[in-house]
Each structure stands twice: as structure tokens, then as C-alpha cells.
1. Would you be able to tell me the number of residues in the range 87-121 that are at pLDDT 95 or above, surrounded by 22 or more Cβ atoms within 10 Å (Cβ to Cβ) and not acidic (Asp, Glu)?
2. Does Leu128 satisfy the criteria of being outside any strand (DSSP E or B) and at pLDDT 95 or above?
3. Any residue at all in the range 188-200 that is touching a residue at least 40 places away in the same chain (Cβ under 8 Å), in contact with a Lys or Arg (Cβ under 6 Å, 6 or more places away or on another chain) and surrounded by fewer than 21 Cβ atoms within 10 Å (Cβ to Cβ)?
4. Quick check: anything in the range 202-219 at pLDDT below 90 and β-branched (Val, Ile, Thr)?
5. Which of the strands (runs of 3 or more DSSP E) contained wholly in the range 9-86 include at least 2 residues that are exposed (fewer than 15 other Cβ atoms within 10 Å of the Cβ)?
6. Looking only at the range 278-286, decide whether some residue is away from the ligand (no atom under 16 Å from the Cβ) and either at pLDDT 95 or above or outside any loop (DSSP other than H, G, I, E, B) (or both).
7. List the pairs whose first member sits in the range 284-306 and is farther than 15 Å from Glu337 by Cα, whose second member is surrounded by fewer than 15 Cβ atoms within 10 Å (Cβ to Cβ), and whose Cβ atoms are under 8 Å apart, counting only residues at least 6 apart or on separate chains?
8. Of everything in the range 96-115, what is of a type in the set (A, V, I, L, M, F, W, C) and either assigned by TED's automatic domain parsing to the domain that holds Ser219 or part of a strand (DSSP E or B) (or both)? Give them in sequence order.
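The values are calculated or read from the model by the stated rules, or taken from the named source; none is laboratory data. What you are looking at is a predicted structure, and each value in this text was computed from that prediction instead of being measured. Virtual Cβ from ideal backbone geometry, glycine too; neighbours counted across all protein chains shown.
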Amino acid sequence: MSMDTPGSQSSLHRANLERVLRAVRMAGSLTQAEIARATGLSAATVSNIVRELKEGGTVVVADTSSGGRRARSVSLSGDAGIVVGVDFGHSHLRVAVGNLAHRVLAEESEPMNVDVSAEQGFARAEALVERLLVQAGFRADKVIGVGLGVPGPIDVETGALGSTAILPGWTGIAPGRELAQRLGMEVYVDNDANLGALGELVWGAGRGLGDLAYIKVASGVGAGLVINGQIYRGPGGTAGEIGHITLDEAGPVCRCGNRGCLETFVGSRYLLNLLNASHERELTLSEVVRLAQQGDLGCRRVIADAGRQIGTGVATLCNLLNPRRVILGGDLAEAGELVLSPIRDSVARYAIPSAARQLSIVPGTLGGRAEVLGALALVMSEMGETGVIGHGTAAVGARG
Ligand SMILES: [Zn+2]
């Protein structure tokens, strides 16, 4: 790659090229008119750039129709590069291998014990990544990058995992560095709520939207925020910690040290405790959801109350950020309308009407795959500005 002077003709061209590539990467495929709209570039500029990318083998162009008119759809070439997603949850490890044309080529999930050490966890991730690459038929040097999801906050400066209730022995380690050393690949890390948001944005219930919030309700409660098509993390990486909104100053003590946080009303531990007295044995959250769907009144009540509390948090979020869509993910989302309807009631009650007017509140469509698909999308979203990332792999002009 040559060194361009900022502001020069060729650096401007490169910047435009990257804008086009990023728009196509994130959408999967776009018509040239859609690319122009998404990037703000003129139709002529887009047309020239697409021709150049097509000649280099980076994109493929196919005839399609858009609104009844003939159009040409642009997507990344299937062999423009391979991306890998790794998701550590509180009871599973999930890995996916995909290409830049949005095809998932191999995917697998295996159960993982909560008290597995970081060492064991990464060894298993390494083995699963290697096995799935073989299954997909690609060598490791075809991999452009690995997206890694962890169920806790990542310190932006050190890359270290902050306190997590879910993988207690992992606090303080830098998961991105660990996995990069083992695999010899570029690794991008983010928390599970942000990856869920990216997954639903690129592959699921948020497709085509620029502004959304993904609320993950499981052991903890977190939100991934997408603003103008990008994840908003804040300077410390803690944006979206909706679980620690105070609902009751005299409420139960939260793991963050405060009292009465949203999480202490809707986190799975709290919900399951509520049912101890009325049910003969300890339930899991998915059992509670199933019993509620079968008509168990206690389980229904617990889920409805949780929905009302979540809705209070969502209303605050709407007043601050005015997202177009709120997508519910995590185990509780499986309850469907039993939890969504009370969330909508609370939002109608507590959000200012203008913030709620254009809002839709929907369940995620990816279920437990949202994070690992989000990890694939994270690589597509964060790949280097000029398309050159890690280990000398060039995404742009790879043929040249
Ligand atoms: Zn808290």
C-alpha cells in the first residue's frame, strides 16, 4: 500500500472506496442507488467505484429488481475473505464461520460449565475454530478476523474483562489477546449485548435500520445501542448498562453495590427466587417461560411483572436516545407477548409520547445465535479503514 497524503486525490478515493465497501459489507447486498443513499456519494462516483471493485474481484454484481424497476445488486465476493465468530455465554461456547457475502458456512455450539477456567475455555474455543474451518473448507490464512463475545464489560484501554457475574474466574484477563495468541489471528472483542445488537442489525429483526436498542435479559441485563448504523460504546465502553438504572432506592442490593437496580428485579436469579416458595423444585428461566406459556399463573405473573420493570428502563432509554426499534433478546424474550405486552404498557405510560410514537418493540429473530452472528458482523464492521487488517491480509484488491 502506498502512503497517501491526507486530503490528496487518491486518499479521498480510498476513503470513498472504503465507505462503499463498508456499506455493502454491513448490508449483505445493496443496489447502486442504495449505496449512493447509504454513503452520500454521487451515483457516478458509486458506479465508478463498483466497476473498479468488480474488476478486482472484490464484489460481484447481479441483475435484480428494485420497486419494479431493473437494478443491479452489489455484494461482496464469497471468497473476498472468511470471518469467524466466537461467543462465550454462561453455559455455552458457540462458534460460527462465515464469508463477507453473509453466508454462514459452519456453526456449532457446545455446553460449557460456568466455572470453567479461562485457560480451558480458550483451549476449547481454539479447537472448535480449527475444526469448523476444516469443515468449511478454508485454511486459517483465509481468515480476515475473529469476533469474540464475552458476557461482561470490556475495558476499552486495557482490553480486560471487568467484573462479570457470569464467568467469575475470568475477571481481569484480556480475552482478545489470549485468543489472538492462540489462533494467530486478529481478534475483535465486545460484550454480549453489543454483539446481540449487531447480530440483529445485520442478520435479524433490525435489518435496514440505523437506530435501535437491543435489550438482553438473562443473568444480567444489558443494552446494545446502535446509533447511525454503528454501535455506540462510550469512551469507557460501558454505554448501555441499562441493568443498573435505579428503580427503588430501598430495593435489594445489586452486584454493582447500589440498591434496587433494574437487574435486581428482572435478572434471572431474582426471578427464579420469586418462584421458590410456590414451586416444588428449582426452575430454570426457560422452564419458567415454558410453564407460563402452558398457563402457570405464578410464572405468568413473574414474567408480566418483569416486563413492566423492563419497560420502565426502556422508557428511559427512549427518552434519551429515541431509537426506531427496541429488540428484546435473551432467555426472557422466548416468552413473546407475555413479556412484550407489559413492556409496551410501561413504555406507553412512562416515555414521552414523541419518543415512543415511532417505536416498535419486537423480539429478536436470532434467539441464541444473535451474539455469534454479531461477532461475525463485528469483524465486518471494524475491519481496517483501508481494508488492510492484521497479518497483511488485504480485503481490498486482494487479487492485485
Ligand atoms: Zn446495579
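1. Summing the residues that are at pLDDT 95 or above, surrounded by 22 or more Cβ atoms within 10 Å (Cβ to Cβ) and not acidic (Asp, Glu) in the range 87-121 gives 5.
2. Values: outside any strand (DSSP E or B): yes; at pLDDT 95 or above: yes.
Against the criterion (outside any strand (DSSP E or B) and at pLDDT 95 or above), Leu128 qualifies.
3. No, because not a single residue in the range 188-200 is touching a residue at least 40 places away in the same chain (Cβ under 8 Å), in contact with a Lys or Arg (Cβ under 6 Å, 6 or more places away or on another chain) and surrounded by fewer than 21 Cβ atoms within 10 Å (Cβ to Cβ).
4. no
5. Values: elements: 29-31, 59-66, 69-76.
Fully inside the range 9-86 and qualifying: 59-66, 69-76.
6. Of all residues in the range 278-286, those away from the ligand (no atom under 16 Å from the Cβ) come to 278-286.
Still in the running and either at pLDDT 95 or above or outside any loop (DSSP other than H, G, I, E, B) (or both): 285-286.
Checked against the condition, which is being away from the ligand (no atom under 16 Å from the Cβ) and either at pLDDT 95 or above or outside any loop (DSSP other than H, G, I, E, B) (or both), the range 278-286 yields at least one hit.
7. That search, which allows pairs on different chains as well, returns Gly298/Ser278.
8. Step one: of the range 96-115, the residues of a type in the set (A, V, I, L, M, F, W, C) are 96-97, 100-101, 104-106, 112, 114.
Correct list: Ala96, Val97, Val104, Leu105, Ala106.
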